[in-house]
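Report on the structure given below.
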Amino acid sequence: MKLFLKYIVVLFLSAWSVTASGQDHIYSQFFNAPLYLNPSLTGQFEGDLRMNMIYRNQWTGISGNLSYLHAAVDVNIPRFGGGLGLQFNRSSEGTAFLVKNNVAASYSYSVGSEDFVLSFGIQAGFTNRQINWSKLVFSDQIDNRLGYIPGSISSAQMPDMANKFFFDPATGVNLVYGKFMAGIALHHVNEPDESFSGAQAKLPRRITANASYRLPLTSSNTYGSEDGAFLIPSVVYYKQGNVSSMSAGMQYKYRAINAGLWYRTAGEGGPDALVVSLIFDIFSGGKNGEKLRLGLSHDATTSKINYTNTNGTTEASVGYEKYFPNSSSYNKFNGLRCYDFY
């Protein structure tokens with residue numbers, strides 16, 4: 001019976017991935033995937049060059065692969081008035097290996113003063129969606145007592161198409177005002193058709209809104225300083241089609257260590273997960289303003305599927321920043337950057 005239920009779960013996850021309206025994955029360490037969060041964050045950091053990579057392994061206790069990868073590089077170019085970035089996103093879901101590969105370029109333009117920075121961003125990319133139909137398990141391949149029948153072939157008619165390419169643009173805006181940051185982004189502006197069967201299946205637009213506040217815990221703290229302790233409450237809201245999710249929590253930052261606790265909702269506001277995150281700055285403020293950051297987080301599932309069945313979700317991230325020699329962007333806009341909010 002346990003084996004039978006296992007295959008039912010696998011079948012459900014694969015079928016959901018193929019037939020349901022497409023939904024984007026989200027990262028618990030959203031702050032370590034800034035270009036994925038909002039294209040207007042391109043070039044918004046304390047340096048000239050930034051590289052980020054994050055890997056998410058979701059629900060490791062359930063058969064079938066649910067893994068996600070984001071890798072990005074962006075540069076701050078003052079003569080362009082903003083930044084340029086390039087990112088790669090990959091997702092692999094279910095036993096049928098429903099895979100998405102996305103490559104996108106982004107540009108942001110910033111205006112501001114010593115008090116605020118307002119950034120506008122655009123993003124343009126292409127996505128390839130593919131599936132291995134032969135890996136799917138259907139009801140006529142499952143025995144009520146024994147579970148999956150090895151070597152069995154389903155009589156189900158498979159679609160002829162297993163690959164799909166489409167254009168995928170996004171846009172966003174972000175404001176940093178003193179100790180406050182807020183932004184909003186719109187992804188899949190054109191609602192691309194990602195259907196394999198020929199029947200139209202539009203990918204719904206994704207709206208992402210984020211807000212953070214940097215609260216010094218001692219009166220001696222100054223904005224942009226890495227010394228002292230801070231509390232950084234944040235909230236991120238996602239809306240795609242009829243599905244919504246919100247992550248709310250707080251980080252405690254003291255010099256090279258950043259610890260966070262988050263609560264995430266899903267669907268109609270029901271519980272989804274409790275998230276614990278740890279961020280370590282291996283070195284900061286060295287030669288050319290170099291910063292190396294390592295991040296680790298774990299989601300404890302609180303939804304009906306529960307933690308016992310899923311074993312939760314783990315994310316790992318790495319980020320690197322530096323100034324170029326004789327940089328002209330040093331201390332631009334009085335150092336106001338999104339980096340200070342995580």
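The values are calculated or read from the model by the stated rules, or taken from the named source; none is laboratory data. Since this is a predicted model, take the numbers as computed values, not measurements. Using ideal geometry, Cβ is built from the backbone for each residue, glycine included, and neighbour counts are taken over all protein chains shown.
Looking only at segment 146-193, which residues are in contact with a His (Cβ under 9 Å, 6 or more places away or on another chain) and closer than 30 Å to Arg214 by Cβ? Lay out the reasoning, then the answer.
Keep residues of segment 146-193 that are in contact with a His (Cβ under 9 Å, 6 or more places away or on another chain), which gives 168-172.
Passing the criteria: Ala170, Thr171, Gly172.
Would you mind stating whether Gly198 is within 19 Å of the chain's Cα centre (by Cα) and among the small types (Gly, Ala, Ser)? Step through it out loud before you land on a result.
Numbers: within 19 Å of the chain's Cα centre (by Cα): no; among the small types (Gly, Ala, Ser): yes.
For Gly198, the condition - within 19 Å of the chain's Cα centre (by Cα) and among the small types (Gly, Ala, Ser) - is not met.
Residue-by-condition table, conditions (1) touching a helix residue (DSSP H, G or I) at 6+ places or on another chain (Cβ under 9 Å); (2) surrounded by 16 or more Cβ atoms within 10 Å (Cβ to Cβ):
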{"site": "Asn32", "(1), (2)": "no, yes"}
{"site": "Tyr36", "(1), (2)": "yes, yes"}
{"site": "Phe45", "(1), (2)": "yes, yes"}
{"site": "Arg56", "(1), (2)": "no, yes"}
{"site": "Ala71", "(1), (2)": "no, yes"}
{"site": "Phe80", "(1), (2)": "no, no"}
{"site": "Gln87", "(1), (2)": "yes, yes"}
{"site": "Glu93", "(1), (2)": "yes, yes"}
{"site": "Tyr107", "(1), (2)": "yes, yes"}
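From the list Gly112, Gly94, pick out the single residue that is within 30 Å of Ala71 (Cβ to Cβ) and more than 26 Å from the chain's Cα centre (by Cα).
Details: Gly94 fails: more than 26 Å from the chain's Cα centre (by Cα).
The match here is Gly112.
Could you list, in sequence order, the residues of segment 109-139 that are at pLDDT 90 or above, touching a helix residue (DSSP H, G or I) at 6+ places or on another chain (Cβ under 6 Å) and closer than 30 Å to Ile149 by Cβ?
Across segment 109-139, there are no qualifying residues.
Which condition number does Ile257 fail, the rest of (1) surrounded by 14 or more Cβ atoms within 10 Å (Cβ to Cβ); (2) at pLDDT 90 or above; (3) of a type in the set (Val, Ile, Thr) being met?
Failed condition: (1).
Name the residues in segment 119-137 that are touching a Ser or Thr at 6+ places or on another chain (Cβ under 8 Å) and exposed (fewer than 15 other Cβ atoms within 10 Å of the Cβ), would you?
Residue satisfying the conditions is Lys135 alone.
For segment 301-315, give me each residue that is surrounded by 16 or more Cβ atoms within 10 Å (Cβ to Cβ) and in a strand (DSSP E or B).
Across segment 301-315, the qualifying residues are Thr301, Thr313, Glu315.
Of the conditions (1) at pLDDT 75 or above; (2) in contact with a Gly (Cβ under 9 Å, 6 or more places away or on another chain); (3) hydrophobic (A, V, I, L, M, F, W, C); (4) more than 25 Å from Ala259 (Cβ to Cβ), Ile305 satisfies every one except a single condition; which number is it?
Going through (1) at pLDDT 75 or above; (2) in contact with a Gly (Cβ under 9 Å, 6 or more places away or on another chain); (3) hydrophobic (A, V, I, L, M, F, W, C); (4) more than 25 Å from Ala259 (Cβ to Cβ) one by one, Ile305 breaks only (2).
For segment 19-59, what are the residues that are of a type in the set (Gly, Ala, Ser), part of a loop (DSSP other than H, G, I, E, B) and within 22 Å of Met181 (Cβ to Cβ)?
Here is the first cut: in segment 19-59, the ones of a type in the set (Gly, Ala, Ser) are 20-22, 28, 33, 40, 43, 47.
Those left that are additionally part of a loop (DSSP other than H, G, I, E, B): 20-22, 28, 33, 43, 47.
Correct list: Ser28, Ala33, Gly43, Gly47.
Return a yes/no flag: does segment 222-233 have any residue that is in a strand (DSSP E or B), out of contact with any Pro (no Cβ under 9 Å at 6 or more places or on another chain), at pLDDT 85 or above and not acidic (Asp, Glu). Outline the logic, then answer.
As a first pass, look at segment 222-233 and keep what is in a strand (DSSP E or B): 229-233.
Imposing the further condition that a residue be out of contact with any Pro (no Cβ under 9 Å at 6 or more places or on another chain) reduces the set to 232-233.
With the extra rule that they be at pLDDT 85 or above, the set shrinks to 232-233.
Filter again for not acidic (Asp, Glu), leaving 232-233.
Checked against the condition, which is being in a strand (DSSP E or B), out of contact with any Pro (no Cβ under 9 Å at 6 or more places or on another chain), at pLDDT 85 or above and not acidic (Asp, Glu), segment 222-233 yields at least one hit.
Any residue in segment 135-164 that's in contact (Cβ under 8 Å) with a residue 24 or more places away in the chain and at negative phi: show its pairings with residues that are aromatic (Phe, Trp, Tyr) and part of a loop (DSSP other than H, G, I, E, B) at Cβ separation under 7 Å, as long as the two are six or more apart or on different chains.
Between residues of segment 135-164 that are in contact (Cβ under 8 Å) with a residue 24 or more places away in the chain and at negative phi and residues that are aromatic (Phe, Trp, Tyr) and part of a loop (DSSP other than H, G, I, E, B), the close pairs are Lys135/Phe97; Pro159/Phe196; Met161/Phe196; Ala162/Phe196; Lys164/Phe196.
Whether any residue in segment 126-141 is closer than 21 Å to Asp24 by Cα, touching a strand residue (DSSP E or B) at 6+ places or on another chain (Cβ under 6 Å) and in a loop (DSSP other than H, G, I, E, B) is what I want to check.
For segment 126-141, residues closer than 21 Å to Asp24 by Cα, touching a strand residue (DSSP E or B) at 6+ places or on another chain (Cβ under 6 Å) and in a loop (DSSP other than H, G, I, E, B): present.
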